Amino acid sequence: MTTWQDCWTFRIVDQDTGAAVPGVPVTVLEHGGRAGGCWVSDPDGLVRIPKHDQPRLRLRVGLRNEEAIELDARSLPDDPIPLTAPRDIPVAGAAAPSAPLAPPAATQPQAGQLMRFTRIGVLPQDSGLTAAPDAKTPEPTTVRYGVLLELELVWQSLGAQAGDTLYSISLGPGEEVKLAVSDGRWRKKPDARERPLQIVAKMVGARQLGDGMDAVPLDPFVAANLPSAAADTVRLLAERTVRTCEALRRRAIGITELEGEKPAGASVRTLRNMRSEGVLTYHFVEPVERHRVIVRTPRFRPALLVPFRLPNIATREVVRRFGHVLRRNLLDRTLGPDIDQVLGADTPPAAVEQRVYAHIAAHLPYYSATIIAAGDPAERFFALAKLGDPRGRPLTDIIENVVVDRVGNYVAFPLRSTDFTTPEWRSALLALAVPASSAAQVRPSQEVVVTLPVPGVWLRSELFPAQVATESDAGAEDVKTESGRTERRKRR
């Protein structure tokens, strides 16, 4: 009889030889095509993906340009399921026989869960684009060029373990107590529960445009020197990851005796001592999990920054459609309650609506870019088709319709090739690809070990028999607490 497995196991194999292929990313696609998690095949070509209760499982093996695979989740076996790796994906140790040897990479593909980040860089003369726009910011009229840094964080679990003891309580024979556990470390959404690592990635990144982005954007930067910018970004990402995990562990988790109504957002634990003799002590322990986090070497790509100006977006219909995006990206955070009233009330107060619409109209390029970035890709495609680059080519012919960030009043897209960027950016990017250049030898990467709290608490019990308690509690006396429970305390 086989035991139930909580993960599906896939083996990534070569299309021709059937051999295991390590280092291949496998992405789980959720509704709408957005990434719900990414894993990398281990040295044996294995990928373990947690099971869910949906009838279909959609996977993408390889990079984002690969087609999705849809499987019947209800009929998948527990044994390893073979999936073929794409032919053109770069695999460690596999090279064409006639191709020249490339410089050795600083790190080999690592198994674990993958988190993607992006960062936009602009030239020093365009440094004003990275500042937060205000009413005096000139309205953008032409596209700008930049560089896109793509980074990956590999999270390798080193195992769960018991952390600090949060609370202890002793119960005598037949006693019972209810405790309220309030965990403020993780956001809880009734409609969409995010995995802890996804929450960590969003905390590490900059302000989010929307929930459908494949990569988490970092703050834009001024790219005076690309190798130095790559090293600074790797260091920044590693430091932010460490600080975020430490901040999560410092967040409040409260355990109190329940008297009256249950606090909002708290869970209730009922503890009993059903034994006829002896003192039963319960200990609430913080569960933690240690991870090895590897920041891989960034990849550079040309990028295009596109301005948008949408008419008539300061309306109730637009605010209600894109309210969650506008609320998340407000330039004036004091308008947050006003946005909530427009979203929640059938007929919001006229003064509240006027304040919201006046603010949006005063920063029309900024909120136009925000709505375009978080909007429907098909609608965005038609908007891009009406725009052209300085040479008159339609933007849909030179860029990928994938939003990587919003920089000020601009929306950033990756360019399809360095042929579509400026000569200055083209020479800087090509210099990184020349093996003989010193820039190509700089392959920054970093590895850190972090401790991440696990949602929930662990509970363990400890029994003190009556005869042991009698010998050890000599000189103690019985004290009645306010809740009516009897405790043994030392006489002073």
- prompt: Identify, please: which residue in segment 55-87 is under 22 Å from the mean Cα position of the chain (by Cα) and open to solvent by 60 Å² or more (accessible area, probe 1.4 Å) and is, among those, modelled with the highest pLDDT?
  reply: Arg58
- prompt: In this structure, does Ala35 turn out to be touching a strand residue (DSSP E or B) at 6+ places or on another chain (Cβ under 7 Å), among the small types (Gly, Ala, Ser) and over 19 Å from Glu152 (Cα atoms)?
  reply: no
message: Which residue is most open to solvent (accessible area, probe 1.4 Å), if the candidates are limited to segment 307-356 and must be among the acidic types (Asp, Glu) and more than 25 Å from Ala412 (Cβ to Cβ)?
response: Glu317
query: Does segment 295-304 include one or more residues that are among the β-branched types (Val, Ile, Thr), open to solvent by 10 Å² or more (accessible area, probe 1.4 Å) and within 30 Å of Gly23 (Cα to Cα)?
result: yes
query: Taking Gln161, is it surrounded by 17 or more Cβ atoms within 10 Å (Cβ to Cβ) and closer than 14 Å to Leu452 by Cβ?
result: no
message: Can you find, within segment 248-269, the residue that is modelled with the lowest pLDDT among those that are of a type in the set (Gly, Ala, Ser) and loosely packed, with under 13 Cβ neighbours inside 10 Å?
response: Gly265
- prompt: Considering only residues of segment 20-31 that are part of a loop (DSSP other than H, G, I, E, B) and touching a Gly at 6+ places or on another chain (Cβ under 8 Å), which is nearest to Glu152 (Cα to Cα)?
  reply: Val24
message: Name the single residue that is nearest to the chain's Cα centre (by Cα) among those in segment 361-399 being under 19 Å from Leu331 (Cα atoms) and open to solvent by less than 10 Å² (accessible area, probe 1.4 Å).
response: Thr370
query: Tell me, which residue of segment 37-72 that is of a type in the set (Gly, Ala, Ser) and in contact (Cβ under 8 Å) with a residue 40 or more places away in the chain is farthest from Ala85 (Cα to Cα)?
result: Gly37
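The values are calculated or read from the model by the stated rules, or taken from the named source; none is laboratory data. Small disclaimer: the values here were computed from a predicted structure and weren't measured. Note that we place each Cβ from the backbone using ideal geometry, even for glycine, and neighbour counts take in every protein chain shown. Side chains are part of the model used for accessible areas, which takes the heavy atoms of the whole protein and leaves out ligands, DNA and RNA. Shrake-Rupley method; radii C 1.70, N 1.55, O 1.52, S 1.80 Å.
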